[in-house]
Structure formats: structure tokens, C-alpha cells
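The values are calculated or read from the model by the stated rules, or taken from the named source; none is laboratory data. Here the structure is a predicted model, which is why all the values come from computation and not from measurement. Cβ: placed from backbone, ideal geometry, glycine included. Neighbour counts: every protein chain shown.
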Amino acid sequence: MVELLDHADRAVDAVVTPVTTQEGLSREGWRVLLLLSRGGGRSMGEIAEHAAIPNPTATRMVDRLVAQSFAFRRNDPNDRRRVLVHLAPAGREVVERVSQQLELRVGDLLEQMSGNDATLRSLLSMLVNNLPLTPE
């Protein structure tokens, strides 16, 4: 089972990394853009936790995303001391482009698995919800 998980991780990386790299993003940067694409502003703590990286690394990553015009910072309207990161229009375009490319690359495979879609989603959700996203 461990080897299967490792192989699945490498297979996902082989599909995702070339597409995100083409857009100037690391895997972690892609994770942050996906988080931001859900809407609302996100704190640096939320971003660090979601991307499973230390806070200083998250800050540098957000700095890069802001420099690329993929994200922007704004003070939290409910707490002026807190800064939230939002997805910029250029970031939304990148999320849409990368998502389309990934769907093209794995679309046929997903179509073949469509009969098992509910089972696959259930199993992946169980895996994600029960494994820690950050190293212990």
C-alpha cells in the first residue's frame, strides 16, 4: 500500500508539475492559488497550513505571487491588524488555464473511471480527511 501511495504521488506530480512550471508556479504556489480561488481572503497562517509549509516560506511564496500579479494583500476589514491575501484577476486566469490543461491531460483517464467516480471520490476524501497534511 505504501508503494502504491508513493507511485500515485509521483504520477500526480508528473502531470501537475510541468503545467504549473509553465505558468511560473511551484506545486506549493499552485496549492495557494487553488486555496485563494475558493473566494474570500486568506490569512498567512491559513495559507501556510494549507500548503504545508512554514510561515516564513508562505510569506515568501505570497510575495512571489503578488510580484507576478496573481494575488494581492488587503487589510482585513474586521481586524485592521490582520492582512488577508486574495486572488487577483491574473491569478484566476492562471487557475483556469492550469485546470483546463490538467483536465485535458487526465480527462480520458477520468472518463474511463467515471463508473467508479463516486467510489473514487469517497476513497480519496477519506484519505485526505484522515491523513495529516503537515508533517508530524
Just one of the numbered conditions (1) over 12 Å from the mean Cα position of the chain (by Cα); (2) crowded, with 17+ Cβ neighbours inside 10 Å; (3) not hydroxyl-bearing (Ser, Thr, Tyr) is not true of TRP30; which one? (1)
Checking THR134, THR119 in turn, the sole residue that is under 30 Å from LEU5 (Cβ atoms), part of a loop (DSSP other than H, G, I, E, B) and modelled with pLDDT under 90 turns out to be THR134
Please name all residue pairs, on different chains or six or more residues apart, with Cβ atoms under 9 Å, provided the first residue is in the range 17-39 and is at positive phi and the second residue is crowded, with 18+ Cβ neighbours inside 10 Å and at pLDDT 90 or above. GLY24/PHE70; GLY24/VAL94; GLY39/LEU87
How many residues does the range 58-84 contain that are of a type in the set (S, T, N, Q) and exposed (fewer than 12 other Cβ atoms within 10 Å of the Cβ)? 1
For residues in the range 59-79 being closer than 11 Å to ALA90 by Cα and assigned to a loop (DSSP other than H, G, I, E, B), which is nearest to the chain's Cα centre (by Cα)? PHE70
Can you name the residue in the range 36-57 that is of a type in the set (A, V, I, L, M, F, W, C), in contact with a strand residue (DSSP E or B) (Cβ under 9 Å, 6 or more places away or on another chain) and farther than 14 Å from ALA88 by Cβ and, of all such residues, is surrounded by the fewest Cβ atoms within 10 Å (Cβ to Cβ)? MET44
Taking the range 76-86, which residues are in contact with a strand residue (DSSP E or B) (Cβ under 6 Å, 6 or more places away or on another chain) and not acidic (Asp, Glu)? ARG82, VAL83, LEU84, VAL85, HIS86
Residue that is surrounded by the fewest Cβ atoms within 10 Å (Cβ to Cβ), among those in the range 1-27 that are not in a helix (DSSP H, G or I) and not aliphatic (A, V, I, L, M): GLY24
